[in-house]
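Structure first, then comments.
Each value in this text was obtained by applying a stated rule to the coordinates, not by laboratory testing. What you see is a predicted model; the values in this text were computed from it and never measured. Cβ placement follows ideal geometry from the backbone for every residue including glycine, while neighbour counts extend to all protein chains displayed.
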Amino acid sequence: MTVTTKPFFSYEEIEATAAYIQQQTSHQPKIGLILGSGLSPLAEEIEPADYIPYSDIPNFPVSGVVGHSGRLVIGELADKTVLVMQGRSHFYEGYSMQHITLPVRAMKLLGIEMLIVTNAAGGINSNFAAGDLMLISDHINMVGFGGSNPLSGPNLAEFGPRFPSMTRAYDRELKSLAQRVAAEQSITLHEGVYMSLAGPVFETPAEISFFDTIGVDAVGMSTVPEVIVANHSGMRVLGISSITNVAIRNPDTDAETTHQEVLDTGKIIVPKLIKLLKEILTKI
Ligand code: HPA
């Protein structure tokens with residue numbers, strides 16, 4: 001697969017993306033959902049639904065990663081009208097930060113007010129087990145420390161300010177709603193800090209020990225850029241990580257993290273995550 005990308009997208013280009021999506025559906029979603037690796041079965045429950053392949057949408061990044069279907073599913077889920085990204089593109093595929101977050105800006109133009117992001121993540125907190133869920137309380141933009149931020153470059157003031165606050169990147173009311181629903185459903189929902197790395201490599205044991213020290217609970221290769229762009233344009237955000245594997249701390253072990261393990265555990269978590277998300281949607 002070839003990857004064509006650019007560092008910046010103009011307001012008019014994002015408008016063209018949103019306009020194409022608008023033409024393909026009569027639904028008017030206010031809630032967006034981004035489904036991470038292996039989590040796409042949730043979108044199968046949307047009924048009635050319009051399906052739009054990413055490859056048909058102007059400017060849209062198309063993921064070539066196994067486990068990521070590439071289409072928008074727009075329709076009704078748990079009594080709400082939603083726009084679901086069944087799969088996402090990643091920085092490690094060669095797309096720019098602005099390109100992987102262009103879908104979030106298109107959502108904003110389509111009238112989306114609230115973004116629910118999910119991902120597969122490695123558990124750093126030693127209380128976490130593979131198969132657990134973690135509510136994202138806050139994040140660390142590790143990739144941003146190296147200078148790659150989706151808001152770098154000319155600021156599009158139509159979306160938001162030059163220097164946006166990230167103090168409450170994850171909406172407090174949505175976090176407490178998620179905790180309330182999890183408690184009602186007797187689902188264990190840890191809460192913690194998610195850190196994004198560029199990938200595509202998994203972490204070394206020395207890196208894991210460093211992340212543990214700086215207060216990271218779970219680590220992954222997505223989500224943070226999308227959350228930054230969503231916050232910039234004033235969307236409320238809820239984030240949930242599926243802990244698909246736990247960090248390996250011993251460099252002399254035979255164990256290793258694999259993408260297959262991430263996908264396999266993701267499948268086991270899906271029913272629990274679907275149950276939780278549907279009830280959250282019902283109560284929003
Ligand atoms: N590290 C980074 N990204 C991931 C992991 C991990 O262990 N598991 C799923 N995505």
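Checked against the criterion of being buried (at least 17 other Cβ atoms within 10 Å of the Cβ) and among the basic types (K, R), region 238-254 has no qualifying residue. Flag: P154 does not match the condition of being away from the ligand (no atom under 16 Å from the Cβ), crowded, with 18+ Cβ neighbours inside 10 Å and not in a strand (DSSP E or B).
Among the residues of region 128-151, the ones that are in contact with a strand residue (DSSP E or B) (Cβ under 7 Å, 6 or more places away or on another chain) and away from the ligand (no atom under 16 Å from the Cβ) come to 3 in all.
Quick check: is even one residue across region 44-62 surrounded by fewer than 18 Cβ atoms within 10 Å (Cβ to Cβ), touching a residue at least 40 places away in the same chain (Cβ under 8 Å) and over 22 Å from P150 (Cβ atoms)? Taking every residue of region 44-62 in turn, at least one turns out to be surrounded by fewer than 18 Cβ atoms within 10 Å (Cβ to Cβ), touching a residue at least 40 places away in the same chain (Cβ under 8 Å) and over 22 Å from P150 (Cβ atoms). So if I check each of I52, I34, I14, which one is farther than 28 Å from V262 by Cα and not basic (K, R)? I14 is the lone residue from the list that is farther than 28 Å from V262 by Cα and not basic (K, R).
Applying the criterion of at least 3 residues that are of a type in the set (A, V, I, L, M, F, W, C) to the strands (runs of 3 or more DSSP E) found wholly in region 13-124 leaves 31-35, 71-77, 80-86, 114-123.
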